[in-house]
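The values are calculated or read from the model by the stated rules, or taken from the named source; none is laboratory data. This one's a predicted model, so the numbers in the text were calculated from it and none came from an experiment. Reconstructed Cβ throughout: ideal geometry from the backbone, glycine too, with neighbour counts over all protein chains shown. Note: accessible area is taken over every heavy atom of the protein model, side chains too, but ligands, DNA and RNA are not part of it. Shrake-Rupley method; radii C 1.70, N 1.55, O 1.52, S 1.80 Å.
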Amino acid sequence: MRQLCKGNIALMKGAILAGCRAFYGYPITPASEIAESAALYLPQIGGTFLQAESEVAAINMVYGAASAGVRVMTASSGPGISLMQEGISYLAGAELPCVIVDVMRGGPGLGNIAPEQSDYTAMVKGGGHGNYRNIVLAPASVQEMAELTLLAFELADKYRNPAVVLADGFVGQMMEPLELEYRNAELPEKPWAVKGTVETRRNLISSIYLEPDGLEEHQRRLEAKYIRAQEFECRHEAYCTQDAEVLLVGFGIVSRVLLSTVEALRRDGVRAGMFRPITLWPYPSRALAKAASKAQNVLVVELNNGQMFEDVRLAINGEVPVKFFGRVGGNVPSVEELKEIVMSFAHPSRNRFDATAAHHTEEKAIDPYSMLVS
Amino acid sequence: MENTRATRVIDPETGSNYDVAHEKSPVFYDTYERKADLRHQTHYCPGCGHGIVHKLIAEGIEELGIKDKTIFVSPVGCSVFAYYYFDVGNVQAAHGRASAAATAVKRACPDKVVLSYQGDGDLAAIGTAEIIHAANRGEKIAVFFVNNGIYGMTGGQMAPTTLVGQKSTTTPWGRHPAGEGFPLHMSELLSTLEAPTYIERVALCDNKNIMRARRAVRHALELQRDNAGFSFVEILSPCPTIWGKDPVEARAWVSDGMIPVFPLALFRDRKPEMPVVPEPPQRPVADVLELTTSRDAAEPQKSLAADHHSFSHIGIKIAGFGGQGVLLLGQLLTEMGMREHLEVSWLPSYGPEMRSGSAHCHVCLSKERVGSPLVSAPDVLVAMNEISLHKFAREVVPGGLILYNGSNLPEGFDDSEVHVVCIPAGEIADVVGSPKAANIVMLGALLEATECLNSETAMQVLEAKVKKVQLLEIDRKALTAGRDYIDHQVGAVSQPDGFA
Ligand SMILES: Cc1ncc(C[n+]2csc(CCOP(=O)(O)OP(=O)(O)O)c2C)c(N)n1
Ligand code: SF4
């Protein structure tokens with residue numbers, strides 16, 4: 001059955017279908033509907049919802065619940081995510097599975113509540129201390145808010161690692177048809193958890209390794225796990241990339257705009273394609289390199305100052321010129337805007353705007369303050 | 001079994017030290033395998049209060065027979081390694097967050113005994129918020145608060161409980177209340193809260209007081225065994241190493257220096273009174289998540305073939321003041337589109353701006369997967385007020401349609417490239433029974449003018465959404481009135497290009 005549903009609410013429905021029965025959080029726009037629906041749903045099905053005193057407390061409650069082996073989550077946005085970073089580092093260090101949702105908004109500081117993708121670096125590269133990785137999934141539709149949250153719980157347990165659903169204000173706030181079927185969640189055994197039983201009495205949840213050799217060994221183990229995830233968990237979507245001369249790359253809400261842009265460009269005879277990483281970590285670098293291999297140009301579009309841009313350039317490794325276009329502050333580029341930009345370098349002669357001005361940017365070094373760079 | 005070992009004991013009367021062989025509580029591991037070396041002794045300094053508190057807790061657990069159901073949450077501080085010793089489930093938490101972690105451990109394991117063990121830096125400085133709120137919620141955990149007036153682990157910096165005038169590495173001339181405040185009284189502070197069941201302050205200054213501490217620890221544990229509420233035991237505790245005293249002097253300092261500032265007392269020992277509040281109903285997951293087909297579920301329009309629509313994609317923008325039902329109008333259209341087998345999306349402006357100011361939303365109706373849900377070049381603009389008309393009219397595609405809530409266009413408005421229809425929706429809504437139904441009048445007008453969706457579907461959706469019979473009746477009239485207005489007053493509207 002299809003129901004019209006808001007992204008944030010769909011996400012919580014997905015979480016519950018995944019067997020999540022504990023939510024600890026603190027309100028923040030544009031993520032609050034997740035906490036609100038958790039508060040509505042969980043107490044009716046024997047789950048736990050608690051509005052914590054802060055995001056610091058919330059993430060440490062997630063730590064406690066995950067220690068006891070339950071499927072647990074929290075949800076926040078920029079400022080709250082900043083407060084959670086220490087806890088996320090502990091969760092990764094103690095190898096505790098959990099799901100952390102970041103419905104991104106504009107920053108830095110209080111910024112605004114409009115959509116940005118400016119927590120990419122903080123979540124994908126790790127904003128907390130130490131060597132660790134989050135598994136990061138980037139939904140682009142309401143359906144995916146539910147489905148990728150389900151997947152996030154699976155991957156978190158599979159790798160005993162925090163998994164992040166990195167959404168943005170638009171995907172969280174918009175409504176689309178959602179199709180979900182009730183299913184019984186299959187919960188894995190967690191013999192390592194501390195449950196207050198004879199069997200688990202000897203268990204210890206901790207991130208301390210006092211001896212350098214011990215900590216190195218621990219980190220090597222984490223690294224091996226991350227390599228396994230890189231091998232098996234990369235996910236992406238490619239659209240019209242087979243013959244693409246221009247490859248547009250973006251994640252989350254941007255990929256939706258790119259999809260429309262590809263269609264608009266193709267209507268005008270420009271062979272454009274779109275590549276969207278679904279997992280931001282592990283990053284689908286190989287698939288991206290392949291999708292770009294026939295292109296003459298790659299354009300990365302983000303709602304930030306070029307945070308994923310770096311990963312795209314690493315993946316493509318100089319084989320194809322990679323350009324970047326970003327909007328920030330809550331502005332989202334329109335199809336028309338992106339079409340013009342692509343025309344400016346893909347078909348300068350057909351571009352009704354000043355092609356030399358656009359060309360000029362190609363000579364420029366990467367300047368984070370210039371939003372179109374190459 | 002290695003259950004006996006030598007322990008250094010200090011005779012409080014004579015001050016002499018001697019080793020005794022005694023039975024070690026079986027709640028401690030036989031040997032401390034998690035330690036790197038010296039696995040028969042603790043990592044605590046001689047005369048340290050932590051060792052005594054550990055012993056009291058272990059004995060209490062043993063006496064109550066709750067070893068198998070106990071979970072111990074350790075802090076960051078000298079007692080970070082409590083898990084070296086306690087043969088119970090162990091969770092090591094971040095600095096200051098033990099009571100937050102313990103909160104969730106307990107809620108995950110409601111019939112288990114959950115302990116949070118914290119120092120004064122951990123609990124009374126960095127973790128102040130967490131302990132106050134855990135106490136205020138009456139979490140069913142026992143908190144053992146070891147107050148030694150100093151940061152032991154990091155080498156003797158000031159704690160919130162450091163005494164006035166007491167020197168530390170960060171108060172080299174002694175704590176000055178003008179700059180550093182006065183010692184924080186956590187037991188007194190928590191005693192102002194309703195929820196805690198048990199709060200007591202004890203001291204490890206002599207055998208008599210250690211016996212009192214032992215009773216307090218045991219009582220706190222009993223309350224946990226009985227799931228009776230939040231217990232908090234503050235233990236004034238010697239830290240000979242940092243204080244620069246020998247163990248005997250240190251104990252004396254607990255009684256002479258600390259007790260006058262932190263008086264020993266039983267602050268609370270009663271169950272809080274809980275008012276009766278409604279319990280949430282218990283329902284099947286599928287019902288709660290609305291995954292089952294219910295009476296007014298989105299039953300698709302069977303009468304309509306999926307391809308009856310003459311367009312492949314329409315983008316609609318709806319804008320006005322907050323409170324004009326702008327977002328709802330968009331949702332209705334979106335839901336209608338879904339019921340008519342289209343791919344749809346609804347994207348709102350969101351957040352506080354909507355409280356008083358303007359609101360708008362984007363609606364896409366499409367036969368294909370919806371790419372961008374942002375309607376940057378709308379085929380149809382519904383402008384509920386003049387501001388929105390000015391703000392968004394120029395985005396409308398050439399040949400597109402604007403439905404404007406008003407009797408006439410504002411002076412000087414350029415409508416050369418678009419079709420504009422003025423509908424006095426507010427007035428019409430007033431006539432049918434409520435000015436609030438202006439958005440539904442506009443919906444009727446939009447359906448009649450564009451024929452993009454079926455007005456029967458509109459009624460279906462309204463019936464599913466509007467629970468009050470009276471309001472539904474007004475909406476029905478408003479919908480019809482909007483359609484009639486286009487039909488009778490405006491006549492044939494030339495349809496937006498591209499989907500007529
Ligand atoms: C976020 C963070 N800040 C600072 C520290 C360093 N640190 C470790 S223990 C401690 C103070 C411990 O003092 P207390 O809680 O009184 O325990 P004690 O060692 O005296 O038993 C500090 C500041 C830390 N581990 N984490
Ligand atoms: S420094 Fe103080 S608190 Fe820490 S172990 Fe030594 S005596 Fe105990």
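Things to note:
- Cα centroid separation - segment B:436-496 against segment A:118-186, whole Å: 39 Å
- Around the Cα centre of segment B:285-499, unit charges on the Cβ atoms of Lys, Arg, Asp and Glu (plus for the first two, minus for the last two) sum to a dipole of about 520 debye.
- At most 16 other Cβ within 10 Å, DSSP loop - chymotrypsin sites (Phe, Trp or Tyr not before Pro), segment B:327-423: B:Phe413
- Dipole size of chain A about its Cα centre, with +1 on Lys/Arg Cβ and -1 on Asp/Glu Cβ: approximately 540 debye, rounded to the nearest 20.
- Filter on A:Lys6/B:Lys467; A:Lys195/B:Lys271; B:Lys35/B:Lys55 - keep pairs with C-alpha separation over 24 Å: A:Lys195/B:Lys271
- Inter-probe distance in nm under a simple model that places probes 7 Å from Cα toward Cβ, at B:Thr170 and B:Asp287: 5.4 nm
- Rel. contact order, % - alpha carbon contacts under 8 angstrom, at least six apart, chain B: 9 percent
- Principal semi-axes of the equivalent ellipsoid, √(5λ) from the alpha carbon gyration tensor of segment B:403-491, are 24, 15, 10 Å from largest down.
- Note on B:Val276/B:Leu472: beta-carbon distance plugged into 1/(1 + (r/R0)^6) with R0 of 41 Å gives a FRET efficiency of 0.65.
- For segment B:155-290, the share of DSSP beta bridges that are antiparallel, to the nearest 5, is 40%.
- Cβ-Cβ FRET estimate between A:Val320 and A:Arg266, R0 fixed at 25 Å, reported to 0.05: 0.80
- Interface residues of segment A:243-268, defined as those with an accessible-area decrease of at least 10 Å² between the chain by itself and the complete set of protein chains (probe 1.4 Å), are A:Ile253, A:Arg256, A:Val257, A:Leu259, A:Ser260.
- Applying both filters, DSSP loop and at most 10 other Cβ atoms within 10 Å, to the GluC sites (Glu not before Pro) of segment A:101-190 gives A:Glu181, A:Glu186, A:Glu189.
- Mean residue ellipticity at 222 nm, helices only, the protein assembly as shown: -10500 deg cm²/dmol; runs of at least 4 DSSP H residues each add -39,500 (n - 2.57), and the sum is divided by the number of residues.
- If the convex hull is drawn through the Cα atoms of segment A:30-158, its volume per residue in Å³: 107 Å³
- In Å, descending, principal axis extents of the Cα set of segment A:143-222: 52, 31, 17
- 10 Å Cβ neighbours from other chains, averaged over peptide B:366-378: 6
- Here chain B is described by how far its Cα atoms reach on the three principal axes: 109, 51, 44 Å, from widest to narrowest.
- Taking the square roots of 5 times each eigenvalue of the Cα gyration tensor of segment B:74-210, largest first, gives ellipsoid semi-axes of 26, 17, 14 Å.
- Estimated buried accessible area (total), pair B and A, 1.4 Å, Å² to nearest 100: 5800 Å²
- Spatial extent of the protein assembly as shown: Rg and Dmax, with the Cα atoms as the point set, Å: 32.2, 109
- Stokes-Einstein, applied to the Kirkwood radius of chain A over Cα pairs at a viscosity of 0.890 mPa s and 25 °C, places its translational diffusion at 115 µm² s⁻¹.
- Between A:Gly330, A:Gly93, A:Gly47, the residue with the greatest mean-square fluctuation in the GNM of chain A (Cα pairs under 10 Å linked by springs) is A:Gly47.
- Per DSSP, loop trypsin sites (Lys or Arg not before Pro) in segment B:246-295 with at most 14 further Cβ within 10 Å: B:Arg270, B:Arg295
- q = 0.07, 0.11, 0.14 Å⁻¹: log10 I(q)/I(0) that the Debye formula gives for segment B:4-269, counting C-alpha atoms only: -0.22, -0.55, -0.93
- Test item: B:71-78 mean partner chain Cβ contacts at 10 Å: 3
- Secondary structure note: in segment A:237-364, about 20% of the DSSP beta bridges are antiparallel.
- DSSP-defined antiparallel bridges as percent of all bridges, segment B:285-499, nearest 5: 55 percent
- Whole-number accessible area per residue in Å² for segment B:4-269, which is evaluated in the context of all protein chains at 1.4 Å: 36 Å²
- Dipole magnitude of the protein assembly as shown, debye to nearest 20 (Cβ charges: Lys/Arg +1, Asp/Glu -1, about Cα centre): 1820 debye
- Within a Gaussian network of chain A (alpha carbon springs, distance under 10 Å), most fluctuating of A:Thr197, A:Thr74, A:Thr261: A:Thr197
- Cα gyration tensor, segment A:237-364 - rounded (a/c under 1.5), prolate or oblate: rounded
- Cross-link check: pairs A:Lys290/A:Lys323; B:Lys167/B:Lys245; B:Lys317/B:Lys436; B:Lys140/B:Lys208 evaluated at a Cα-Cα cut-off of 22 Å; pairs beyond the cut-off: B:Lys140/B:Lys208.
- Most to least packed among B:459-469, B:443-453 [average Cβ atoms within 10 Å]: B:443-453, B:459-469
- Remark: mean inter-chain Cβ contacts per residue of A:43-53 equal 5, using a 10 Å Cβ-Cβ cutoff to other protein chain atoms.
- Size descriptor for segment B:285-499, Kirkwood hydrodynamic radius: 17.4 Å (Cα pairs only, one decimal).
- Positive end of the dipole of chain B (Cβ unit charges, origin at the Cα centre): among B:Leu453, B:Thr162, B:Gln470, the Cα lying farthest that way belongs to B:Thr162.
- Positive-pole candidate from A:Tyr209, A:Ala52, B:Val254, dipole of the protein assembly as shown, charges at beta carbon: B:Val254
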